[in-house]
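In what follows, a single structure is set out as structure tokens and then discussed.
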Amino acid sequence: MAVYTDVSDEDIARFLAEYDIGEVVSFKGIAEGVENTNFLLQTTTAPFILTLYEKRVNPDDLPFYLGLMDHLSAKGLNCPTPIHGKDGIALRELCGRPAAITSFLQGMSPRRIQPHHCAGLGAALAELHNAGLEFDMHLPNALSVAGWRSLFESCQDHADDEVPGLGDMIRDELDFLDANWPHELPKGVIHADLFPDNVFFFPGKEEVSGLIDFYFACNDLLCYDVAICMNAWCFEPDNSFNVTKAKNMLSHYSKVRPISDAEKAALPILARGASLRFLLTRLYDWVNTPKDALVTPKNPREYINKLRFHQRVDNASAYGLDRA
């Protein structure tokens, strides 16, 4: 459950008085998510999402996230739109936490990912990348290649407890990625966490109805975001790679924002980096999350298998793309 801060009826009534969105009809906690406290808020005018930002979110980064959602919404991307108070301010405080209200998006995350979902995702991701090019705020990616070694050092003593030999495997991969990371590819705003639970569809439709949860968004290589999505969407539950799903995702992405030859050539390395990033954060959470915590950490083994797959790939044809 992802409700860490209790909000009383009186708290929410006082908070809503700062907005012009009607009176509260109901609000209930949302179990999905692991970082923040979220409520589905129904007022007399519409449904909204109320988010209280918890300790893992740097308050200094919140203007970037909310400003990005404002920008993308203005560009026509269907994502949560921050609701500004009567004073024009979107970021406020509730129960001692930074807080904001955003619009409610219709649709649902796919329970079983099909190739047509991957096609819709690819197009939506490219639209996000294109729309973000004119966003004038900048936030470096703290979870990119420069930050992975220190993250590993914080949990390396327990790596072999999870999988024998995992520590050496990660050290070797860090050395490889430090030496081979392609820094000169096109950059821009990336979502960096576009897993299936952050993408909405209407049942039976290929087109994405909405993208949510921009609280890992940052500036980095655009094709690194593609690699993150390929890892999250194109593997089956048995850890096999589904090249049809990848081809659908990449081809529909390219129709909106063409993937350059340099990006195609770098994609196997970017996919290895994306696998290592989530392996490391899952390993860190697996080791450090208390047993009685409200959130169950995700097992890092899934991304060990994905990393091993990408280590055997030497060109983008394995992902359904033509060679660079």
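Each reported figure results from applying straightforward, stated rules to the coordinates on display, with no laboratory input. Just so you know, these numbers come straight off a predicted model, no measurement behind them. Every residue, glycine as well, gets a Cβ built from its backbone with ideal geometry; the counts of neighbours run over all protein chains shown.
Observations on the structure shown:
- Pairs from the list LYS205/LYS245; LYS245/LYS306; LYS187/LYS264 with a Cα-Cα gap above 22 Å: there are none.
- Largest to smallest principal axis extent of the C-alpha atoms in the stretch 5-48, angstrom: 29, 19, 14
- Helical runs (DSSP H, four residues minimum) scored at -39500 (n - 2.57) apiece and divided by the length of the chain put the mean residue ellipticity at 222 nm at -13000 deg cm²/dmol.
- Looking at the stretch 86-214, the pairs of alpha carbons with a distance over 18 Å make up 71% of the total.
- Karplus 3J(HN,Hα) series, Hz, for the stretch 63-75 with 6.51 cos²θ - 1.76 cosθ + 1.60 (x for Gly, Pro): x, 5, 4, 5, x, 5, 5, 4, 5, 5, 4, 5, 7
- Applying 1/(1 + (r/R0)^6) with r as the Cβ-Cβ distance of LYS86 and LYS255 and R0 = 30 angstrom yields a FRET efficiency of 0.10.
- Relative contact order computed over the chain (Cα-Cα under 8 Å; 6+ residues apart), in percent: 17 percent
- Taking the fewest neighbouring Cβ atoms within 10 Å as the starting point, the ordered list for HIS252, HIS183 is HIS183, HIS252.
- Sorting ILE83, ILE212 by the number of Cβ atoms found within 10 Å of their own Cβ, with the fewest placed first, yields ILE83, ILE212.
- Across the stretch 214-286, the volume of the C-alpha convex hull divided among the residues equals 113 Å³ per residue.
- The stretch 172-244, relative contact order in percent, only Cα pairs under 8 angstrom and at least six apart counted: 33 percent
- Stretch gain in nm, segment ARG171-SER209, where the contour uses 0.36 nm per residue and the Cα spacing is subtracted: 9.6 nm
- FRET efficiency estimate (nearest 0.05) - Cβ-Cβ, ASN315 to ARG112, R0 25 angstrom: 0.25
- Expressed as a fraction of 2.2 N^0.38 Å, the C-alpha radius of gyration for the stretch 9-103 is 1.03.
- In the stretch 199-251, trypsin sites (Lys or Arg not before Pro) in a DSSP loop with at most 12 other beta-carbon atoms within 10 Å: LYS205
- Ranked ILE101, ILE259, criterion: other C-beta atoms within 10 Å, fewest first: ILE259, ILE101
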